[in-house]
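What follows is a single structure, written as C-alpha cells, with notes after it.
No value in this document is a laboratory result; all are computed from the given coordinates. Keep in mind that this is a model prediction, so the values were computed, not measured. Neighbour counts run over all protein chains shown; Cβ positions are idealised from the backbone, glycine included.
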Amino acid sequence: MDISQILDPLNKAQRQAVCSEAQNTLVLAGAGSGKTRVLVHRIAWLVQVENVSPYSIMAVTFTNKAAAEMRFRIENLLKTPLRNMWVGTFHGLAHRLLRAHWKDAKLVENFQIIDSDDQLRLLKRIMKEMGIDDKQHPPREVQWFINDCKDNGKRSQQLNPADFRGREFLLDIYYRYEELCQRTGLVDFAELLLRAHELWLKQPHVLKHYQQRFSHILVDEFQDTNTIQYAWLKVLSGNNLPQTNIHTFVVGDDDQSIYGWRGAKIEHIREFCHDFNAGASAEKAAETIKLEQNYRSTGNILQAANAVIANNTERLGKELWTEDSEGELLQIYRAFNEIDEAAYVAGQIEKWVDKGGKRSDIAILYRSNAQSQPHEYELVKRGIPYRVYGGLRFYERAEVKDALAYMRLAANYQDDAAFERIINTPARGIGLRTVEIIRAAAKNNEQFLWQAVQELIENKQLSARAATAVQKFIYLIEEMDCSKKGDHFTLVEQVAHILELSQLKQFHGRENTERAQAKVENLQELINAVKRFDDEGDPLLEAVKESAELNDAEQQVLTNPMSEFLAHAALEAGEGQADEWEECVQLMSLHSAKGLEFELVFLTGVEQGLFPHKNALQDYVGGKLEEERRLCYVGITRARQQLHLTHAESRTMYGRNEMALPSQFLSEIPASLVSEVRAVNNNFSSFDSFSNNNSSFSSSYASPGGSADDRAEGEISIGQRVKHKKFGEGIVIDKEGSGARARVQVNFDYEGTKWLMLSIAKLV
Ligand code: ATP
Ligand code: MG
C-alpha cells in the first residue's frame, strides 16, 4: 500500500496534523472538520510510514461503538487486522488494566463492575444501617457526591473533615461505601478510573512497563475528559519525566464540551499545551493545529451553527466554513403539542423515504430521553422502523439485570449487590424482615451476606420457614455454579443452565401482556448476546491477552469466559444496542449524538425550559446555559443536508401538561436561514384543552403569534423587586418571551417562586 491512500483524502491542515512531528499535538477544530478522520489516518500513518508497532499505540474514544468504528476504519485503510492495538474508552481501558493487574491494584481476582443502580442500592443500605433519613438526604445526592469525589481523584480519607461541618455524614457514608465495595469486590464506574490512576501512582513498575510499551497515545473528543482521566493520561504520558518518549495526539472542540455536568473540564483543552510539554525540548514541544473547513454540512446549516455558538463568551474562537453550497433553508415547525410534533416529524420522514432516501440517514434528537415516547408511538403507528439509543438499554432492563445477578452471584458468592437483587426474585417467600436479619448479621460479623446467611441457618437464628426458603436459595445458586461440578459447559450452556434454574422466564412472563412477552424475549435475547460475545470476543481483551507480560494467574482471569462476559455486559450497559445496523430511523439524546452525522436531522422540543433545560435557566453565572448552547451546536452540526427544528406550544411530560415558549436558541439563528412552518389552524380543540390545565398562564395563550426572534425588552428586569396583588412582594429571577407572551419568574417572599404572564399579572 502506498502513502497516497493515507494522505490524499486530506486537506493541507489535516495532513499537517497527521504527519505532526511534535511530541504533543493538539488538533483544535470545529464540528465536522475531520478530527476523527485525522485521528484514524494518523494511526495508519504511524503504522505504515513510521513503522510504529500497533502494539505501541493506544487510542481513546468516547464510546465502545466509536472504538469499534475506529478499529474498522484503520484496518480498512491498512488492509490488515490490528489485533494488539489498544482502542477503547477510558473506562474500557481502565477495566482491562485492572483485570490484568488486579493484585497490584489491590482488588480481588474476580472483581465485578456495578452500575449506577447497584451503587444506589448499596448506598441506601448503608444509609439505613447508619440511621440516616433518606427523605432529608436523598441517596441520589450522596451518590452524586461520591462519584464527584472519585472523578476528582479524592478518596474519603483524603477529604478534609473541616470542609464538612454539619455534613460529616457524607464522609462517613463515603468511607463505609468504599469499605463495603473493597470487601465485596465491587467496582463502580468512577472507581475504574480512580483505581487505574492509583495503579500508576502506587505501582511504579506497572507504570514503567506501559510507558515503555506505548509510544503513541491518541484521544478523540478530548474536550470532554474529566479530572481523573486527564490526570491518568498525564501520568502515563510521562510528562513528569524529562526522558519521556511518548507522543500524545489529542483532538477536540471546546464548542462541543457537553459533559461539564458529569465532571468534564473544558479547561483541559486550554491547558494541554502547557501541561504536556514539560519534558520536551523547544522544537519538540506541543503544537496546535486548527482545522476550519467543514466537510459535513451545507452552508446554511453551518452558518446557523456558527451564529448560535457565537453567543457564548467562553470560547477559544474559530469559525467554520465550507465549500459546499448553501443548501436548503432550515425548517422551524411550531407544533400545538408533542403529538402534533411527532406527526410532523414522521410525515417528513415519509416524504424523505418516498423520494428514495434511506431511513438510517435520519436522526431524531432530543434533550431528554423521556421525549422519545410520542415519537415512538407515531413511528409504530405508521410502521416506520426505528431504534432508540439510550433510555433503558438492553443490559439495563430489569429482567436482564436479574439474570445477570444470578450469573454474578454464581460466579462470586461475595457479590452482595447481586445477592440482594435476587434473594427474593422470583418471590420465594423470603420476606423483608428476613433480609434485614441477614444484613444485620453480615454487618455485625463483618461478613458477606452469603456467609452470614449460612451461619444464621446453622445457629437456628431464623424461623423454620425462613430458614428453609433461604437454604433452598443457597442450594439453587450452588447448583448454578458450573465450575464446582467440573462440568465442561460452554459459556452459552452455562448461561442457559442458570436461566433455566432461575425460573425468571416464568416469573416475568406470568402475565398475559405484551410487556411480559417482551421481557421473556429479552431474556431469550440474552442467550443470543452471549453467543455473539462467544463468537466475536472482545477486541480489546484480545489485545491484552497478547501482552506477553501477563503471568499465568492473570492469563487465567482473562480467559474465564463468564467473568469476561459479565464485565462486557457491565461496560456495554453504558450505551447499548449498537451492533446490528438495520435500515431504521435513529432516536437519541443530543448527548449520545456526539461525533455522529446524518443526512436528515430533527432537533425536537426546542423549547425554553426543555432546551435550554430549566436548571440552566436558573444558573445566574451562565456556565450551564453556555453548556446547553454547546449542546445545541452539537445538535445542529450533526446534519449534513437537511435540518428541522421543532417546538410545541404545549407539552405533556412526566404526566404534567405545560405550556412552552420557543427556545431562545431559535432566536439566535438568523432569520435569513430559516423557513417557518406553522401548524395549520384546524386543531382548535387542542387549544380548548389548555384552559382546563393547571398551567399558570393558560388563558392568554389561545392566539399563536409573535415569532421567535421578536423578543422585545420589557420594563421589568431580572433582579428587580416587584409587588403582586395576591402574592405580595418578591424578586424577579427570570424572564422570557415578549409581547403578549412575555412572562417572568418571581421569587415571592412568602409564596415561593411562580411564573406569571406579564399581561395578566399586573406587577407593580
Ligand atoms: P465532530 O466534531 O462532529 O466529531 P469531526 O471533526 O470529527 O466531527 P469527522 O467526523 O472526522 O469530523 O468528519 C466529518 C465528515 O467530513 C465525515 O463524513 C468525513 O468523512 C468528512 N471529511 C473530513 N475530512 C474530509 C476531507 N478532507 N475530504 C472529504 N471529506 C472529509
Ligand atoms: Mg469526531
Next item on the list: Compute the signed sum of charges (Lys and Arg +1, Asp and Glu -1) over the other residues within less than 12 Å, Cβ to Cβ, of Ile349.
Entry: 0
Item checked: Radius 14 Å from Cβ of Asp2, net charge of other residues (Lys, Arg +1; Asp, Glu -1) -> 0
Notebook entry, point to check: Once label points are set 7 Å from the Cα along Cα→Cβ at both Arg213 and Glu328, what is their separation, rounded to one decimal in nm?
Noted result: 5.0 nm
Next item on the list: Of the DSSP beta bridges with both residues in the chain, give the percent that are antiparallel, rounding to the nearest 5.
Entry: 30 percent
Notebook entry, point to check: Just going by the charge dipole of the range 219-366, with Lys and Arg at +1 and Asp and Glu at -1 on Cβ, which of Ile246, Asn294, Phe222 is farthest out on the positive end?
Noted result: Ile246
Note to self: Within a 10 angstrom radius of the beta carbon, how do Cys482, Cys632, Cys19 rank from fewest other beta carbons to most?
What the structure shows: Cys19, Cys482, Cys632
Check: Which lysines does Lys723 reach when only Cα atoms under 23 Å apart count, and residues fewer than 8 places away in its own chain are ignored?
Finding: Lys735, Lys754, Lys762
Next item on the list: Taking each pair of different alpha-carbon atoms in the chain once, compute 1/r for the pair, average those values, and report the inverse of that mean as the Kirkwood hydrodynamic radius in Å to one decimal.
Entry: 28.7 Å
Item checked: Two-site FRET efficiency, Glu493 against Arg121, from Cβ-Cβ distance with R₀ of 30 Å, rounded to 0.05 -> 0.50
Checklist line | Label zone at Ser675, where the point sits 7 Å out along the Cα-to-Cβ direction: the range 292-327 residues whose backbone N lies under 18 Å | finding: 298-304, 325-327
Item checked: Distance violations [Cα-Cα > 18 Å] among Lys401/Lys594; Lys12/Lys234; Lys124/Lys443; Lys79/Lys290; Lys79/Lys358; Lys381/Lys505 -> Lys401/Lys594; Lys12/Lys234; Lys79/Lys290; Lys79/Lys358; Lys381/Lys505
Item checked: Test item: Cα-centred dipole of the chain, Lys/Arg +1 and Asp/Glu -1 on Cβ, debye -> 1280 debye
Next item on the list: Taking 7 Å along the Cα-to-C-beta vector as the label spot, tell me the Asp535-Lys762 distance in nanometres, rounded to one decimal.
Entry: 7.4 nm
Next item on the list: Return Phe72, Phe489 ranked ascending by Cβ neighbour count within 10 Å, so the fewest neighbours appear first.
Entry: Phe72, Phe489
Notebook entry, point to check: Each label point is 7 Å from the Cα along the Cα-to-Cβ direction; what then is the distance between the points at Ala307 and Lys351, in nm?
Noted result: 2.0 nm
Check: Among rounded, prolate and oblate, which fits the range 112-184 when a ≥ b ≥ c are the square roots of the eigenvalues of its C-alpha gyration tensor, a/c under 1.5 means rounded, and a/b larger than b/c means prolate?
Finding: oblate
Next item on the list: Take the Cβ-Cβ distance between Lys135 and Ser483 as r, set R0 to 51 Å, and report the resulting FRET efficiency rounded to the nearest 0.05.
Entry: 0.70
Item checked: Spatial separation of Cα centroids for the range 167-208 and the range 334-366, in angstrom -> 46 Å
Next item on the list: Let me know the Rg and Dmax you get for the range 305-438 when you use only its Cα atoms, in Å.
Entry: 24.1, 71
Next item on the list: Based on other C-beta atoms within 10 Å, arrange Leu10, Leu661, Leu409 from fewest to most.
Entry: Leu10, Leu661, Leu409
Checklist line | Net charge of Cβ neighbours under 14 Å - reference Arg421; Lys, Arg +1; Asp, Glu -1 | finding: -1
Checklist line | Centre separation in Å (Cα based) which lies between the range 115-130 and the range 286-310 | finding: 45 Å
Notebook entry, point to check: Roughly speaking, what % of Cα-Cα pairs in the range 323-387 are separated by over 20 Å, rounded to a whole number?
Noted result: 32 percent
Next item on the list: Could you give the size of the charge dipole of the range 112-184 about its Cα centre, using +1 on the Cβ of each K and R and -1 on the Cβ of each D and E, expressed in debye and rounded to the nearest 20?
Entry: 100 debye
